[in-house]
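Novice: Provided herewith is a single structure, encoded as structure tokens, for subsequent inquiry.
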Amino acid sequence: MWAVWAFRGLRTYAPYITLPFAAIVGYVGYNFEGFISDRYTPFNESIKETRSERLLSDDQLDSAASVERLKYSANVLGRNVSPSLKQ
């Protein structure tokens, strides 16, 4: 009969027992990870800034008059045609 009361007590007070244990394990793990790893993250410009700088420094965008004319290649439907249909 005492086992039933013990299991009821453990079930009732489980949060009060496991919370301090989990806090201790988390604290130790956090400090251990900080001890073995480097938390320094180098500064990088954002992707948007990098792209805008690259586009501004592009040589083709210097003058609007130096735009190359688009040249169309063969028909798109004729690219992957079997040898028997090419004739």
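The values are calculated or read from the model by the stated rules, or taken from the named source; none is laboratory data. Remember, it's a predicted structure, so these values are computed and weren't measured experimentally. In this analysis, Cβ positions are derived from the backbone assuming ideal geometry, glycine residues included, and neighbour counts consider all displayed protein chains. For the accessible areas, the whole protein counts, side chains as well, though only heavy atoms, and no ligand, DNA or RNA atoms are used. Shrake-Rupley method; radii C 1.70, N 1.55, O 1.52, S 1.80 Å.
Novice: Quick one: what does P(r) look like for region 1-62 with 10 Å bins over all Cα pairs, in whole %?
Specialist: Percent of Cα pairs in each bin: 16, 17, 15, 14, 13, 11, 8, 4, 1.
Novice: How far, in nm, would the chain grow between Ser46 and Ile24 when pulled straight, counting 0.36 nm per residue and subtracting the alpha carbon separation? Walk me through the intermediate numbers first.
Specialist: On the way: separation 22, 0.36 × 22 = 7.92 nm, distance 3.80 nm.
Extra length available between Ser46 and Ile24 comes to 4.1 nm.
Novice: Put +1 on the Cβ of each Lys and Arg and -1 on the Cβ of each Asp and Glu in region 1-62; which of Tyr40, Pro20, Ala3 then has its Cα farthest toward the positive end of the dipole?
Specialist: About the Cα centre, the residue reaching furthest to the positive side is Ala3.
Novice: If you roll a 1.4 Å probe over the heavy atoms of the protein chains, what accessible area per residue do you get for region 1-58, in Å²? Display every interim value, and only then the final one.
Specialist: Values: 5970 Å² over 58 residues.
Per-residue accessible area for region 1-58 comes out at 103 Å².
Novice: Here's something else I'd like to know. How far apart, in nm, are two points set 7 Å out from the Cα along the Cα-to-Cβ line at Ile17 and at Asn31?
Specialist: Result: 2.6 nm between the two label points.
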